[in-house]
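Note sheet for the following structure.
Taken together, the values in this text are just the output of simple stated rules run on the coordinates, not laboratory data. Since this is a predicted model, take the numbers as computed values, not measurements. Quick reminder, even Gly has a Cβ in these numbers, built from the backbone with ideal geometry, and neighbours come from all protein chains shown.
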Amino acid sequence: MRTTTRTWTSTRRRSRWLAPLLAAPLLLTACGDGGTSGQESGAGTGSPAEGAATGTDGAADTTKVRVADTAGMPSAFLQYGVNEGYFEAEGLEVTVDVSIGGAAAVPAVVNGETQFAGSNTVSAILAASKGLPISIVAAGTRTMEAPEDDFARIMASTSSGVEEVEDLEGSTIAVNTLENINDVVIMTLMEDAGADRTQVKFAEMGFSDMLPALANGQVDAALLIEPFVTMAVDQGATEVASPYAESRPNMMVGTYMTSEEYAAENPETVEAFQRGINATGQAIADDPDAFREALPEVTTIEPDLAGQIHLPAWDASVDLETLQFLNERMVRYGLIDEEIAVEDIVTAPTD
């Protein structure tokens, strides 16, 4: 049975795991759990209150859009594209808003609070399965082809006895969101390894809470993304698996979505956004070191850490095979009752 485990503070075994975390609280809010970081809402693009509405601001052919995304690597990608001028070249003035991350992203695009939002692929399918009028317009983060190069890992404490996927049976695993993409990939790996996927508990907490939870024995393992993967490795945690890459090579983990209404009424803006995403992803692929150098400016990741972490891959094209793979698995694992027609929730570029 999947259960929600509340986080709590333990005073026992304050080991060497905790010292770097307590010394760098800003770093720990930089990725993935919906909190704000050094990259505040609208950083580098003006006040969100003034730049949120779609329309022109007096500059010829410039359209203002707000894009919500999770603080950390996802929003860093967007802000890098903004700072480098890839969206401006397409006639867009983009405000990156990290105050509407995680589960709040879907209702934000549906009610028009934000024009676009980044979220994981399973969240998009879940929303569509509930009848919410969303449309995927571009892909976000993807896995690397080689699992050892990927940006996500299942990490275990050395005291847990978890060393391989089979050992996850009977364990408690920290995930940042329950009944979402993390459940899907972990249960996929367990099935593939011959382990009983029903004999695992998931504890919901932010990424920034997971390393202390591993250290104090609150959980046995955690599904971490960068920069927390590199931090955990440095602090002696056991690398168990690369859950996204090993579930499906080149998996489309992230997506950018908008509302069906906005996509229908603003096709030129949607296509401009798609081109901006594609140009940003191509620039990082061509020169990843430039993106690494920019990370301390667009997140609170320190320069030394920015040089060590594994970067995701970015490719704006929407992968229907990943959508269908996750669609089938979500039915299998009880996240949705029946498959949706994944091609119906995609707005593809016309060119």
Between GLU321 and SER159, what's the calculated FRET efficiency when r is the beta-carbon distance and R0 is 56 Å? Round to 0.05.
0.90
Is the C-alpha gyration tensor of the stretch 225-351 telling us rounded, prolate or oblate? Criteria: a/c under 1.5 is rounded; beyond that, a/b larger than b/c is prolate, otherwise oblate.
oblate
If the chain between ASP234 and GLU148 were fully extended at 0.36 nm per residue, the gain over the current Cα-Cα distance would be 29.4 nm
Expressed in nm to one decimal, what extension gain is obtained for the pair ASP289 and LYS130 from 0.36 nm per residue of sequence separation less their Cα-Cα distance?
53.1 nm
Which order do peptides 202-210, 72-80 fall in by mean Cβ count within 10 Å, highest first?
72-80, 202-210
What does the net charge come to around ALA108 if you take all other residues with beta carbon closer than 15 Å to its beta carbon, with K and R at +1 and D and E at -1?
-4
Estimated inter-spin distance, SER99 and ALA264, nm [label 7 Å along Cα→Cβ]
3.1
For the stretch 237-288: rounded, prolate or oblate by the Cα gyration tensor [a/c cutoff 1.5]
oblate
Highest first, please rank the peptides 258-264, 85-91 by the mean number of other Cβ atoms sitting within 10 Å of their residues.
258-264, 85-91
In nanometres, the difference between 0.36 nm per residue of separation and the alpha-carbon distance of GLU339 and ASP196 is 49.1 nm
